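A short write-up of the structure that comes next.
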Amino acid sequence: MEALHVIFGVVISIAAFQVAVALNRRVHSPLLNPLLVSVAFIIIFLVVFHIPLATYQEGAKVISSFLGPATAVLAYSIFRQITVLKKHFIPILAGCLAGSITSMVSAWGLCEIMGLSDSIAISTVAKSVTTPIAIGITSTLGGVQSVTVAAVIVSGIMGSMLAPTLTRLFRVKSPIAAGVAIGASSHAVGTVRAAQMGELEGAMSGLAISVSGLLTLVLALMIHTLG
């Protein structure tokens, strides 16, 4: 029975995403982000057919296990742009640091404005880094992991949806700056969109995932130690 649950989770996830991708290609709207639409499809399916979330998650976690290797594959794009990386190392590092600090401060500040508890605020400070790192940071700070996962997903989807529009709005001409900004703010989900914008954008976004994740972890540990 457990094997059937795993197969069910994998099949429904892939099917929902394929439908969402097809819909996005047909409509061409940033609101129809494939990840967002596929999540909505799965939620509706589980609710309509009264399927327990735990049953679905047995298969979904199999797909989630590929997140790490998929992120590591981005190293190839980074290698192809190694000359650019060496030439612009300091600006890239500064951009990642600025992104990490801005993300943490804005998340905490928004929670304070909304009157949310400290545990919720702590759980959202790592919203802009990839899930494995975010969960580790939340565990260290004593936050709620489920809130962190939700915050990471929302951050990624919003970054993916808004990245092209914001780069045009703020007239970001440099593909390096655009890539670093996307990767530092919306991790792997945003990096997929960055790669669609251009190879250099995708490579820099992939690099920003790693650098921003490390910087956010260091900053979180400093906060934990000082606190």
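Any read-out appearing in this document is the output of simple, stated calculations on the displayed coordinates, not a laboratory observation. Treat the numbers as computed from the prediction; the structure is a model and nothing was measured. Here Cβ is always computed from backbone atoms with ideal geometry, including for glycine, and neighbour counts include all displayed protein chains.
Observations on the structure shown:
- Distance in nm between pseudo-label sites at Phe79 and Leu93 (7 Å out along the Cβ direction from Cα): 2.4
- Candidates Leu31, Leu162, Leu46, ranked by Gaussian network fluctuation over the chain, Cα under 10 Å, top entry: Leu46
- A simple charge model with +1 on the Cβ of Lys and Arg, -1 on the Cβ of Asp and Glu and nothing else charged puts the dipole of segment 69-226 at about 520 debye relative to its Cα centre.
- Likely footprinting exposure, Arg26, Arg171, fewest C-beta neighbours within 10 Å first: Arg171, Arg26
- Here's the list of lysines a cross-link from Lys173 could span, going by alpha-carbon distance under 18 Å and ignoring same-chain residues fewer than 8 apart: Lys87.
- Value of [θ]222 nm, deg cm²/dmol, for the chain, DSSP H segments ≥ 4, -39500 (n - 2.57) each, nearest 500: -28500 deg cm²/dmol
- Set of aspartates and glutamates with alpha-carbon distance to Lys86 below 20 Å, sequence-local pairs under 8 removed: Glu199, Glu201
- Highest-fluctuation residue, Ala60, Ala208, Ala194 considered, GNM on the chain with Cα pairs under 10 Å: Ala60
- Candidate cross-link partners of Lys61 among the lysines, defined by an alpha-carbon separation under 29 Å and a same-chain spacing of 8 or more, comprise Lys127.
- Stretchable slack from Thr102 to Val62, in nm (0.36 nm times residue separation minus alpha-carbon distance): 11.1 nm
- Which of Leu214, Val6, Val144, positive extreme of dipole for the chain (C-beta unit charges): Leu214
- Cβ crowding within 10 Å ranks Glu2, Glu201, Glu58 as Glu2, Glu58, Glu201, fewest other Cβ atoms first.
- Against the empirical 2.2 N^0.38 Å (N residues), segment 2-65 has a Cα radius of gyration ratio of 1.15.
- Given R0 = 22 Å, the distance between the Cβ atoms of Arg26 and Leu166 translates into a calculated FRET efficiency of 0.35.
- Exposure proxy order (Cβ contacts within 10 Å, fewest to most) of Arg80, Arg193: Arg80, Arg193
- Values of log10 I(q)/I(0) for the chain across q = 0.07, 0.16 Å⁻¹ run -0.24, -1.18, by the Debye formula with one identical scatterer at each alpha carbon and no solvent.
- For segment 148-165, there are no residues whose amide N sits under 18 Å from a probe point set 7 Å from the Cα of Phe8 along the beta carbon direction.
- GNM flexibility winner over the chain from Ile82, Ile51, Ile135 (Cα, springs under 10 Å): Ile51
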